[in-house]
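Chemist: Here it is: the structure, laid out below.
Taken together, the values in this text are just the output of simple stated rules run on the coordinates, not laboratory data. None of the values given here were measured: they were computed from a predicted structure. Note that we place each Cβ from the backbone using ideal geometry, even for glycine, and neighbour counts take in every protein chain shown.
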Amino acid sequence: MTKLSIIVPVYNVEKYLPKCLESLIKQTLKDIEIICVNDGSMDNSLAILKEFASKDSRIRIIDNQHQGVAKTRNTGIEQSTGEYIGFVDSDDYIDIDFFEKLYNSATKSNSDIAIASILKHKNFFNIYNAKYTKEETAITIQDKIKLCEDKKHFFFYAWNKIYHSGFIKENNIKFSEGQIYEDVMFAIKALYYSNKIISVYGTKYHYIEHKNSLTKYKDKTGGKEQDLVKAYSELQEFCNSKNIEIPERLNYYTKENFGFILNLYKGKYQSKIQLFNIFTIATISNYSETRNLITILGFKIKIAKREIAKERQENVFYQYKKDKIDITKVPPAQGLLRDIQLANLALLKELAYVCEKNNFKYILDAGTLLGAMRHSRFIPWDDDIDILMFREDYEKIVSAFKNTTRNSDIYAEYHRDKDTNSQYFIKIKHKKCPFLGVDIFPLDSYGKHLSLKEQLIETNKICKILKHLKKEINQNISNKETKTILTKTMKEKILLSSANENGDFVYGVDFAHKLKNWFLDRDIVLPLRKIQFEDSKYTTVNKPKEFLKNIYGDYMKYPKKMKILHYSYKNLTSEQLEAIKKLGEKV
């Protein structure tokens, strides 16, 4: 398989085409195919293509009638055989190491998309530079969108990126044929369905803006001034269906392009534009504003398009800023996040097996129990699993795993604090995926008296006092060290000395804040019960609603923002990603 297929739509670009092709055949990445799709050019573009093809066998020519750039690109995708796909417009050019750097970064990081910097030229001047200064990856859809925008623009462009052909073809991602802004839906779908994207620095795509740009747009729009509305209608519909929050930079992008459409058609459709401006202002303004507008209508009409398209915070077509993500409708995780969830679920299943064989009790805790109660599965944006175990079983689980596990790659170990080497909690891990894990915390019982709470509260006060003392006397005692020594060591000793097998329960470690939330009445915890989580039922507390309310308060209330991923998975190798997928496939 060829490493990269470069798709070049060609239409009346004889002036710019040679420089474009020269930049392609000189690429330092040699294992490429260059698919040039002539879109019915009426100048010498086809002859230039044939001349270059006679000198370089990697150039393939497809000669079509004029159908527009979207159809041309889609034809190129269908004919491509490369592992990755890239697009270059025939009036632009690229640095000679452009595709090599993108390909190497994409394959090394196992990313479906690699994106590079843009340098925009007009009349021999550089008028815009969208520059990446470091290599950065993004996994979640919101992070991907963020990586594809700067202070003023959202990059719908297809041509400063490469795409893994597998996910493009499997998800039938195509350009919208027969309309302008054909790349809007291609861009958002590619970001959504990709497993990961990576930014690449040190190389550029050179975009040439020239006098024929508007003519080119006029030609392909064919008078369809509503195409922009259609494109962004489709965008909003897709984002709403997938619960993707539309970024504010997209607001700017939409308004800028609306201004472009107005300028494009202002001669032929001036009266319609004026009526549209009146309608829009009346729609997005309150009654008082509309009444004042009617009073000074003659003046307002003249500046309406400028105020609406360039300056107003409200979007002309949609009030995008109000279209925030409905977190209650976030669909289940997909892609890498789902692979991570399933891999951790496999570790949970092994823990449940070991506990059953050794007559140990375990309890779904915290976010895992919250996911079970609210979704019957993982919280859609969560990736880890939290477990409680009674102290007696907790102390035995590490050795029990060594003797009972069905998979020698899965093991239990104490997670030790690097400052004091004191045990903190236990993690269930996999040798090939050490960054994954099921976190196990001890649950202690204590007698019904106030002394335990008082001791713990006093310990917490000491932590706060020492924190302030540090500032006053400038001692070299970090707050982290103080918390480690006091909250993990002293509190654990207090709990162990107060143990009572018939008492109420309290979390065994880490009570640095909100101490009252970690004390649990006995009838909340016992007797244990089963609850559905993903494809099986697991053990949890007797009264999960009261348990979660004790910890979170209104646990059914969704957070304002999604906290996605506890661990940074950005730099995983292809071997590690494969290990995650294989582990999850066993579920």
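Chemist: Over segment 1-111, consider all pairs of different Cα atoms and compute the Kirkwood hydrodynamic radius from their mean reciprocal separation; express it in Å, one decimal.
Modeler: It is 13.9 Å.
Chemist: Quick one: which of 90-100, 391-401 comes out on top by average Cβ neighbours within 10 Å, and what's the full order, highest first?
Modeler: So the peptides 90-100, 391-401, ranked by packing, come out 90-100, 391-401.
Chemist: May I pose another question? Using Cβ counts within 10 Å as a stand-in for footprinting exposure, how do CYS148, CYS239 rank, fewest first?
Modeler: CYS239, CYS148
Chemist: What's the extension gain from LYS230 to LYS30 if we count 0.36 nm per residue and subtract their Cα-Cα distance? Mind showing how you got there, number by number?
Modeler: Details: separation 200, 0.36 × 200 = 72.00 nm, distance 3.99 nm.
Value of the extension gain: 68.0 nm.
Chemist: Assuming a viscosity of 1.002 mPa s and a temperature of 20 °C, what translational diffusion coefficient in µm² per second does Stokes-Einstein assign to segment 4-210, Rh being the Kirkwood radius over Cα pairs?
Modeler: Once the numbers are plugged in, D ends up at 126 µm²/s.
Chemist: Which stretch or stretches of segment 175-212 have amide N atoms under 20 Å from the point lying 7 Å from ASP43's Cα along the Cα→Cβ direction?
Modeler: 206-212
Chemist: For MET556, MET42, MET185, what's the fewest-to-most ordering of other Cβ within 10 Å of each Cβ?
Modeler: So the residues, fewest neighbours to most, are MET42, MET556, MET185.
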